[in-house]
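The next block holds one structure in the form of structure tokens; read it before the comments.
The values are calculated or read from the model by the stated rules, or taken from the named source; none is laboratory data. None of these values were measured; they are calculated from a predicted model. Virtual Cβ from ideal backbone geometry, glycine too; neighbours counted across all protein chains shown.
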Amino acid sequence: MAEPNYRLIVLLGLTSLFADWLYEGARAALPQYLKGLGASALAVGLVFGVGDSLGYLLRFATGPLADRRGGYWGETFAGYALQVLAVVGLALAPWLAAAVALVMVERASKALRTPARDAIISAAGAGRQSFAFGLHASLDQIGAVAGSATALLALAAGVEYGDLFLLLAAPGAAALAALSAAYRLGVRPARRRGGARGPLGVQLLLFALSQLLFGASLMHIGLEMYEAQGAPWMGSAIYLAAMAFEIPLSLAWGRLYEMGRWALYLGPAAAVLATSAFSTGSLVLGFAGAFAYSAATSYADIAAKARAVELGGVAKATALGAVNAAFGLGYLAGGAIYGYLLDVGAAGLAPPVSLALAAASLALMRAAR
């Protein structure tokens, strides 16, 4: 069996490290920024929910596009470049409508690049896809921590939001440089023109539907940041903690999935714990919820992707796009549901709603075995 291409995985991990520094730095400040522009809790929940779901739902199209075109690097480069432009554009858009539009552009850029990039990582993993995704994600999360820390320190020091977004252009440029170095290795996944034209298998469809319900069971951390009490940077501190937790959790998920598919059942449990903690309004439980939230999101990035590759056959980008898109659609529903419950003072209903959705997700996962 061929060995994983560690050099390529690491270079793509460094690309994501710098890209996460860019956009997680922006996202760590966005709930407070949108609130200052006049957005309500429901509006923030919808912006994050719609934005994240857009970043996932478009993968129904971008995954097959990458497989049918027979190439992956073009989509990867275009996605990262568009993301840099969107974040820098936030510095020039101090109006709610413009900021929301740029958030959507940034999320769309992620949809364009991710299935193609993940297909490259899958090929580089050489039979150890969960390990490859875990190693990549752990490097990715180092950038997320750096971005969150940048936002936290900048806001605590009184830096204006526009200046923060401009500052984040530096890691964006570094991401494009690292991606160029990865491309120069000359590694190309096998070209499979037309490989995504067939219908998706029943098992893959059932698993995708389970991920939709899983996404709906998870309260977005943006809502916890919106509700955070205390100093203006307290929400950014909770976000920073979540990003830091994902570094070891990503490596753990890569190993857990190799130990057995039973690891798939842990993701919905983490989502219920995160939603329950976030719905209490407690600052201490908010940080505990950040750990559970990180466990749930890293599950989606590693274990769920590894299972999608197994079920997708030759059309890996299509399978990855479908599973990720289903999760994003659930995330959209969750953003609206939990944002509404917080707005009407019914936060106590969030845990049972999350539990019911997670239970349905687990049942579908078992059916997709």
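Here are a few things to note about the model shown:
- Single unsatisfied condition, residue 49 versus (1) crowded, with 20+ Cβ neighbours inside 10 Å; (2) closer than 20 Å to residue 96 by Cα; (3) free of Cβ contacts under 8 Å to residues at least 60 places away in the same chain: (3)
- Of all residues assigned to segment 103-118, none qualifies as being within 19 Å of residue 36 (Cα to Cα) and assigned to a loop (DSSP other than H, G, I, E, B).
- Number of residues in segment 161-173 that are modelled with pLDDT of 90 or more, surrounded by 18 or more Cβ atoms within 10 Å (Cβ to Cβ) and not in a loop (DSSP other than H, G, I, E, B): the value is 4.
- Residue 92 vs. criteria farther than 30 Å from residue 342 by Cβ and within 20 Å of the chain's Cα centre (by Cα): no
- In segment 243-283, the residues that are of a type in the set (A, V, I, L, M, F, W, C) and closer than 25 Å to residue 340 by Cβ: 269, 270, 271, 272, 273, 274, 277, 278, 283
- Of the set (1) touching a Leu at 6+ places or on another chain (Cβ under 9 Å); (2) surrounded by fewer than 17 Cβ atoms within 10 Å (Cβ to Cβ), all apply to residue 76 but (2).
- Test result for residue 88, over 18 Å from residue 219 (Cα atoms) and surrounded by fewer than 24 Cβ atoms within 10 Å (Cβ to Cβ): yes
- Residue within segment 101-119 that is more than 20 Å from the chain's Cα centre (by Cα) and either at pLDDT 85 or above or surrounded by fewer than 24 Cβ atoms within 10 Å (Cβ to Cβ) (or both) present: no
- In segment 82-100, the residues that are of a type in the set (Gly, Ala, Ser) and at pLDDT below 90: 89, 91, 93, 97, 98, 99
- Qualifying residue in segment 218-234 (condition: part of a helix (DSSP H, G or I), over 17 Å from the mean Cα position of the chain (by Cα) and small (Gly, Ala, Ser)): no
- For residue 133: the one exception among (1) of a type in the set (Phe, Trp, Tyr); (2) surrounded by 22 or more Cβ atoms within 10 Å (Cβ to Cβ); (3) more than 20 Å from the chain's Cα centre (by Cα): (3)
- Condition broken by residue 284, with the remaining ones in (1) farther than 27 Å from residue 258 by Cα; (2) in a helix (DSSP H, G or I); (3) touching a residue at least 24 places away in the same chain (Cβ under 8 Å) satisfied: (3)
- Residue that is more than 20 Å from the chain's Cα centre (by Cα), of a type in the set (Phe, Trp, Tyr) and either surrounded by fewer than 24 Cβ atoms within 10 Å (Cβ to Cβ) or outside any loop (DSSP other than H, G, I, E, B) (or both), where the choices are 33, 56: 33
- Residues that are assigned to a helix (DSSP H, G or I) and among the hydroxyl-bearing types (Ser, Thr, Tyr) were ranked within segment 259-281; the one that is surrounded by the most Cβ atoms within 10 Å (Cβ to Cβ) is 275.
- Top-ranked residue of segment 239-258 - restricted to ones that are farther than 19 Å from residue 148 by Cα and not aromatic (Phe, Trp, Tyr), ranked as surrounded by the most Cβ atoms within 10 Å (Cβ to Cβ): 254
- Among the residues listed as 315, 326, 304, the single one being in contact with an Asp or Glu (Cβ under 6 Å, 6 or more places away or on another chain) and surrounded by 24 or more Cβ atoms within 10 Å (Cβ to Cβ): 315
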